[in-house]
Amino acid sequence: MRKIGVLTSGGDAPGMNAAVRAVVRKGIHHGIEVYGIYHGYSGLMNGDIKKLEVGSVGDIVHRGGTMLYSARSEEFKTPEGQQKGIEQLRKHGIEGLVVIGGDGSFQGAKKLTEQGFPCIGVPGTIDNDIPGTDFTIGFDTALNTVLGAIDKIRDTATSHDRTYVIETMGRNAGDIALWAGLAGGAESILIPEVEYKMNDIIERLNRAYNRGKKHSIIIVAEGVGSGVEIGKEIQERTSFETRVSVLGYIQRGGSPTAADRMLASRLGARAVELLMNGKEGRMVGIQDNQLVDHDIIDALSQKHSIDHGVYTLSNELSI
Ligand code: F6P
């Protein structure tokens with residue numbers, strides 16, 4: 001393998017830049033030319049491709065977002081779009097591709113591999129919803145951003161004796177809400193993976209109030225529904241003054257944490273090693289702190305699940 005490409009796709013995640021840097025520098029270290037494909041699969045189809053040097057990825061390890069830009073492409077979901085992409089890769093003499101992104105991006109990598117173009121997927125999404133890895137690049141940074149917000153909101157919740165509902169991102173996965181809720185001491189955590197009853201939430205609020213606690217934090221993952229609606233219902237059914245905060249896109253930005261930079265560097269470099277060893281159609285990940293790789297099709301056929309032990313613990317600690 002003499003020439004490889006790298007692209008980022010789907011929702012950007014802090015640490016994607018560190019992963020791009022690792023792919024480029026690991027490749028160059030082994031005498032491979034590395035090409036950056038800009039604007040995800042859209043840029044791939046349009047031939048938005050440039051050779052990257054050691055210096056092209058300087059000064060990015062600490063930056064959020066992605067220097068390669070990102071996009072979500074409907075056209076690339078079609079066989080014609082995928083053929084267009086493969087033609088562009090072949091035109092540039094590129095023999096293998098590293099795709100950094102979430103499950104939509106992995107679907108694209110899977111299609112390219114099925115059509116004869118070797119790809120390796122690197123999990124990069126704040127949602128932590130990719131099967132086959134304990135953590136995705138960007139999750140730890142998003143988690144710490146949410147935790148910072150909870151701590152700040154707690155200050156005002158305490159000062160005003162209020163109940164706050166905080167809505168977090170995560171698409172259909174509850175990991176951001178669950179981990180931030182446990183680490184932030186939330187009274188209740190609502191996630192799509194576990195059914196909830198509003199009566200239980202209200203009973204929990206009343207119990208805490210009767211114990212002398214005058215403020216509460218409730219975390220709602222976006223996959224459960226609207227935090228605003230849940231806040232309204234709490235306000236209507238209790239005597240507690242309730243406010244809602246939807247954290248939104250701040251969860252996707254910011255300088256990556258040390259954990260995300262480490263993960264991105266290790267996974268990006270491992271993806272290059274796999275291509276060098278003639279592997280294709282695989283995803284890299286980390287499980288029990290060991291680097292692993294799995295067949296991308298097998299991984300995509302599985303469902304991500306939360307750590308139920310963490311959920312149980314959060315309930316036990318927020319009595
Ligand atoms: O996958 C990352 C994510 O931020 C999800 O948490 C969220 O549901 C979605 O992307 C938002 O997507 P968009 O950038 O298209 O609004």
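Screening Asp134 on (1) away from the ligand (no atom under 16 Å from the Cβ); (2) farther than 22 Å from Ala221 by Cβ; (3) not in a strand (DSSP E or B) shows it passes everything except condition (2).
Identify all residues within the range 149-189 that are within 27 Å of Thr8 (Cα to Cα) and in a helix (DSSP H, G or I); write none if there are none.
Matches in the range 149-189: Asp175, Ile176, Ala177, Leu178, Trp179, Ala180.
If you go through the range 103-128 and pick out every residue that is in a loop (DSSP other than H, G, I, E, B) and surrounded by 24 or more Cβ atoms within 10 Å (Cβ to Cβ), you end up with 4.
Could you grab me the full set of residues in the range 163-214 that are of a type in the set (Val, Ile, Thr) and within 16 Å of the ligand (Cβ to nearest atom)?
Answer for the range 163-214, where residues must be of a type in the set (Val, Ile, Thr) and within 16 Å of the ligand (Cβ to nearest atom): Ile166, Thr168, Ile176, Ile191.
Just one of (1) in contact with a helix residue (DSSP H, G or I) (Cβ under 7 Å, 6 or more places away or on another chain); (2) open to solvent by 50 Å² or more (accessible area, probe 1.4 Å); (3) at pLDDT below 95 fails for Trp179. It is (3).
Let me confirm something: among Gly85, Gly64, which residue is within 16 Å of the ligand (Cβ to nearest atom) and surrounded by 18 or more Cβ atoms within 10 Å (Cβ to Cβ)? First the steps, then the outcome.
On the way: Gly85 fails: within 16 Å of the ligand (Cβ to nearest atom).
From the options Gly85, Gly64, the qualifying one is Gly64.
If I filter the range 200-216 for residues that are open to solvent by 70 Å² or more (accessible area, probe 1.4 Å), closer than 30 Å to Arg2 by Cα and touching a residue at least 24 places away in the same chain (Cβ under 8 Å), do I get at least one hit? No: zero hits.
Look at Leu300 and say whether it is surrounded by 15 or more Cβ atoms within 10 Å (Cβ to Cβ), under 22 Å from Ile32 (Cβ atoms), in contact with a helix residue (DSSP H, G or I) (Cβ under 9 Å, 6 or more places away or on another chain) and of a type in the set (A, V, I, L, M, F, W, C). Talk me through it step by step, then tell me what you get.
On the way: surrounded by 15 or more Cβ atoms within 10 Å (Cβ to Cβ): yes; under 22 Å from Ile32 (Cβ atoms): no; in contact with a helix residue (DSSP H, G or I) (Cβ under 9 Å, 6 or more places away or on another chain): yes; of a type in the set (A, V, I, L, M, F, W, C): yes.
When the stated conditions are applied, Leu300 does not pass them.
For every residue, the table says whether it meets (1) assigned to a helix (DSSP H, G or I); (2) open to solvent by 40 Å² or more (accessible area, probe 1.4 Å); (3) in contact with a Leu (Cβ under 9 Å, 6 or more places away or on another chain); (4) within 16 Å of the ligand (Cβ to nearest atom).
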| site | (1), (2), (3), (4) |
| --- | --- |
| Ile230 | yes, no, yes, no |
| Ile234 | yes, no, yes, no |
| Ser239 | no, yes, no, no |
| Arg243 | no, yes, no, no |
| Tyr249 | yes, yes, no, yes |
| Ala259 | yes, yes, no, no |
| Met262 | yes, yes, no, no |
| Gly268 | yes, no, no, no |
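Suppose we filter Ile230, Ile219, Ile296 for residues that are touching a Phe, Trp or Tyr at 6+ places or on another chain (Cβ under 9 Å) and modelled with pLDDT of 95 or more; which single one remains? Reasoning before the result, please.
Values: Ile230 fails: touching a Phe, Trp or Tyr at 6+ places or on another chain (Cβ under 9 Å); Ile219 fails: touching a Phe, Trp or Tyr at 6+ places or on another chain (Cβ under 9 Å).
It is Ile296.
The values are calculated or read from the model by the stated rules, or taken from the named source; none is laboratory data. This one's a predicted model, so the numbers in the text were calculated from it and none came from an experiment. Here the Cβ is made from the backbone with ideal geometry for all residues, glycine too, and neighbour counts use every protein chain on show. Remember, those area values only see protein heavy atoms, side chains included, never the ligands or the DNA or RNA. Shrake-Rupley method; radii C 1.70, N 1.55, O 1.52, S 1.80 Å.
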